[in-house]
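The values are calculated or read from the model by the stated rules, or taken from the named source; none is laboratory data. If you're wondering where the values come from, they're calculated on a predicted model, not measured in any experiment. Every residue, glycine as well, gets a Cβ built from its backbone with ideal geometry; the counts of neighbours run over all protein chains shown. Calculation scope for accessible area: heavy atoms of the full protein, side chains included, ligands and nucleic acids excluded. Shrake-Rupley method; radii C 1.70, N 1.55, O 1.52, S 1.80 Å.
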Amino acid sequence: MRKILIYMFLLVAVAAQAQTDRQCIRQGNRLYHQKQWAQAEVEYRKALAKNADNPQALYNLGCALMMQQKDSAAIIQYQKAAQVETNKLRRSRANHNIGVICQNHRMYGEAIKAYQQSLRDNPKDDETRYNLALCKQQNKQNQQQNQQNKDQNKDKNQDKQKQDKKQNENKDKNKEQQQQDQNEQMSKDNAEQLLNAAIQNEKATQQRMKKAMQQPRRRNVQKNW
């Protein structure tokens, strides 16, 4: 089970400036535990306005942002907290929460790196170790699914190429058949035209012969001179 870790320090006033930002943190913590995360965010930002490198304010601001589902902004604050935090256990918690956010967004590579960094600072954190193992398994499954989708898309593209090729071949065959049919039709039409012309010529010849036979023949009359 993944959970958000938030820690509170014992506040010891060492200077007026420190008391001011720590008082804001204290007020922010009260609001946070009352689940008034937006108001808690305001107080933590007030603390950072007083002391921009306060690791507790950075970390707790990240938690308040995370509870408001402002995950990108939360990661930025956790990263800042991890950079300025000198206590390994506290730094481990910041990286742990970065891992949780990344894992929830299926950013498994980034989550794995954050969990590994968290374990470097706190090797005894069983929860982080569990999350890391789960994240690696999810990352492997995600890679397998991506490869499977890639293979499926490749097969689909190959099938489409084959189908397109077959369609083009059928188009070429149809075009050739149409051309052949046109040529055959033209040959047939030409043959019919020639036959009709021959028949007409034959008819004309027969008519001329018939007409010639119907006309009276002239006899040669010899004259006596």
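Odds and ends about this structure:
- Residue 167 being over 30 Å from residue 65 (Cβ atoms), of a type outside the set (D, E, K, R), assigned to a helix (DSSP H, G or I) and free of Cβ contacts under 8 Å to residues at least 60 places away in the same chain: yes
- Taken over the range 96-117, residues that are assigned to a helix (DSSP H, G or I) and either among the hydrophobic types (A, V, I, L, M, F, W, C) or open to solvent by 20 Å² or more (accessible area, probe 1.4 Å) (or both) amount to 14.
- Of all residues making up the range 37-49, the number that are out of contact with any Lys or Arg (no Cβ under 9 Å at 6 or more places or on another chain), surrounded by 17 or more Cβ atoms within 10 Å (Cβ to Cβ) and of a type in the set (D, E, K, R): 1
- Residue that is out of contact with any helix residue (DSSP H, G or I) (no Cβ under 8 Å at 6 or more places or on another chain) and closer than 21 Å to residue 25 by Cα, where the choices are 70, 124, 50: 70
- Scanning the range 82-95 for residues that are surrounded by 13 or more Cβ atoms within 10 Å (Cβ to Cβ) and not in a helix (DSSP H, G or I) yields one hit, 85.
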